[in-house]
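The values are calculated or read from the model by the stated rules, or taken from the named source; none is laboratory data. Predicted model, so just to flag it, every value in this text is computed and none were measured. A quick note on method: Cβ atoms are made from the backbone with ideal geometry, for glycine too, and the neighbour counts reach across all protein chains shown. Areas reflect the complete protein model, heavy atoms only, side chains present, ligands, DNA and RNA absent. Shrake-Rupley method; radii C 1.70, N 1.55, O 1.52, S 1.80 Å.
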Amino acid sequence: MIRHNQRRRPSPASGNGQPDAHYLDGPVAIIGAGIGGLTAALSLQHFGVPVRVFEQSKAFREVGAGVTITPNAMNVLNFLGVGSALAEQAGETLRYFVRSAVDGRELERGPDPDSFVTEFGAPYCNIHRADVHSALADAVRRNDPDAILLDHRFDYLEQDDDKIVAHFSNRTAFEAPALIGADGGASAVRNVVFGGQQASYTGHVALRALVPFTRVPRAIIEDPYVLYVGAGRSLIHYPLRRQTTMNLLGNTQAAQWQAEGWAIPATVKEFLGLFDDFPEPVQELIAAIPAPDLFKWGLRDREPLEVWTRGRVAMLGDAAHPMTPYLGQGACMAIEDGMILGRAFAASQDLGEAFSRYEAARRDRANAVQLASRYQGTQHHGSTASGPSTGKTAATLGLFSYDPVTEPV
Ligand SMILES: Cc1cc2nc3c(=O)[nH]c(=O)nc-3n(C[C@H](O)[C@H](O)[C@H](O)COP(=O)(O)OP(=O)(O)OC[C@H]3O[C@@H](n4cnc5c(N)ncnc54)[C@H](O)[C@@H]3O)c2cc1C
């Protein structure tokens, strides 16, 4: 179990304010407006640090998929002022069950959902990704309407003792006292600053879909939050948006798969073919997916990054620790990183100290969760002699008892 923190919580502030990181000459540049980059932006703003977030996309369009935001990350969203509205949008949290893909037999049941707030100070929520993303982006823009710049694809950077200059493929450049690489699993910032290994295909493919509740089979509505583990495959479904949409994620293995991205279409026939020995209600749920709402993604991974900061650059979220989805913690770790980054800036006298505090607080935990996620995939898919198993879930590993709002920084 990872330690449970009982420190007193600082009081949340409304908007900008709190300790001023006076040693910074100008806004901090954040590359990537995903869940990690936006949480970092909001946290830095909260502690009085101005930011500029550079996003390659021309418009925000988070994918249609669910994301589990567990108490460790919900504590952050609550502190930053966006948690309660998101929990309200998500609706009631249900208890999860882990079942065998062979016969649907119960292998494990999750904790009582009501216990999360009592035990960890925040709920466990299943939220539509677009809802998390827009809540964060709106809050960042409320603090500073100019904080997010779309259509800025990071290309390369130069840094010296005083500053960093980030260059974008639209031929613009931005000078900043520090830069945060939050540009996801295939991070260009990581490639430029740290070099080394590129993100490589894991041999695992995720298929994801949203199914309106009106199309969901009755047996699934009666047993709505389930993870099935089976030979070489796993599948999870849970409701979103107050039980109006069912999120469905199937994970399988395929040696030849290469592409990644949330927008590669898949077919119901393909999905069914891969899961044709799963319990009948699951197959009915797959068959009910509206044709244009099914996509696949070849999962990427990298070895844990031993050093997270170099000069005036620090890495955050998937750019630092891309992880397979088997613990449902990638976005949660990115949110934790973002919160701690702001607190580290606020607690420090100079940038070097801020980055040291940030890396010291985050590296071991996030890197450990990255490796545990990889291992959990082998447990779910039964690559071990004992066959498919529940392994150790995020709850079993004690991951929820880390509170980024009060952890020592
Ligand atoms: C199938 C699947 C299911 C998952 N389920 C869960 C879950 O239930 N719970 C959970 O906690 N996590 C989950 N995750 C993990 C989670 O999605 C990621 O860990 C999380 O999105 C990481 O956020 P991020 O901001 O670090 O990166 P990203 O979300 O990848 O955001 C990076 C941003 O940077 C931008 N960008 C990239 N390159 C550049 C560039 N050169 N210049 C400018 N901008 C750039 C991108 O457009 C993007 O907006 C899942 C992942 C997968 C694949």
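Can you give me the long-range amide H partners of Ala65? Hydrogens built in the peptide plane at 1.01 Å from N, cutoff under 5 Å, separation of 5 or more residues or another chain.
Residues meeting the criterion, in which the H sits 1.01 Å from N, are Arg129, Ala130.
What distance in nm separates the simple spin-label points at Arg105 and Thr267, each placed 7 Å from Cα in the Cβ direction?
Taking the simple label geometry, Arg105 and Thr267 are separated by 3.6 nm.
Please state the equivalent ellipsoid semi-axes for region 265-344: what are the square roots of 5 times the Cα gyration tensor eigenvalues, largest first, in whole Å?
38, 13, 12
Solvent-accessible area per residue for region 280-409 at a 1.4 Å probe radius, Å²?
Per residue, region 280-409 has an accessible area of 31 Å².
For the peptides 159-166, 83-90, what is the packing order when you average, over each peptide's residues, the other Cβ atoms within 10 Å and list the highest mean first?
Highest-to-lowest ranking by the protection proxy: 83-90, 159-166.
Please work out the Kirkwood hydrodynamic radius for region 86-194, using every pair of different C-alpha atoms, and report it in angstroms with one decimal place.
18.3 Å
What fraction of the Cα pairs in region 116-269, stated in percent, has a spacing above 18 angstrom?
The share of Cα pairs beyond 18 Å in region 116-269 comes to 74 percent.
Tell me, in nm to one decimal, what length is gained between Ala347 and Ala254 on full extension, where the rule is 0.36 nm per residue of separation less the Cα-Cα distance?
28.8 nm
Compute the acute angle (0 to 90°) between the alpha-carbon long axis of helix 129-143 and the principal axis of greatest extent of the alpha-carbon atoms of the chain; round to the nearest 10°.
20 degrees
Roughly how many percent of the accessible protein surface of region 252-322 is carbon and sulfur, given a 1.4 Å probe and a whole-percent answer?
Here carbon and sulfur together make up 57 percent of the probe-accessible area.
From the phi angles alone, apply the Karplus equation (6.51, -1.76, 1.60; θ = phi - 60°) to region 32-45 and give each ³J(HN,Hα) in whole Hz, x where the residue is Gly or Pro.
Those phi angles translate into x, 9, x, 4, x, x, 6, 5, 4, 4, 5, 5, 4, 4 Hz.
Please list the non-local residues whose amide H lies under 5 Å from the amide H of Arg99, H modeled 1.01 Å from N, same-chain partners needing a gap of 5 or more.
The list, which skips near neighbours in sequence, is Leu107, Leu227, Tyr228, Val229.
Ordered by residue, what ³J(HN,Hα) values in Hz, to whole numbers, does region 397-409 give under the Karplus form 6.51 cos²θ - 1.76 cosθ + 1.60, where θ = phi - 60° and Gly and Pro are x?
Calculated HN-Hα couplings, in order: 6, x, 5, 6, 7, 7, 10, x, 6, 10, 4, x, 10 Hz.
Loop only per DSSP, at most 13 neighbouring Cβ atoms within 10 Å: give me the trypsin sites (Lys or Arg not before Pro) in region 193-257, ordered by residue number.
Arg242
Find how many whole Å separate the alpha carbon centroid of region 312-364 from the alpha carbon centroid of region 201-246.
30 Å
Quick one: which of 169-176, 341-348, 278-285 comes out on top by average Cβ neighbours within 10 Å, and what's the full order, highest first?
Output ranking for 169-176, 341-348, 278-285: 341-348, 278-285, 169-176.
Near the amide H of Asp155, under 5 Å away, which other amide H atoms are found, from residues 5 or more places off or on another chain, if H is placed in the peptide plane?
Under 5 Å from the amide H of Asp155: His167, Phe168, Ser169.
Per-residue HN-Hα couplings for region 64-72, Karplus 6.51 cos²θ - 1.76 cosθ + 1.60 at θ = phi - 60°, whole Hz, x for Gly and Pro?
x, 6, x, 9, 7, 10, 8, x, 4
Taking all protein chains in place and a 1.4 Å probe, what share, in percent, of the accessible surface of region 101-215 do carbon and sulfur account for?
46 percent
What percent of all Cα-Cα pairs in the chain falls into each 20 Å bin, going from 0 up to the bin containing the maximum distance?
Taking all Cα pairs of the chain, the binned fractions are 28, 58, 14, 0 percent.
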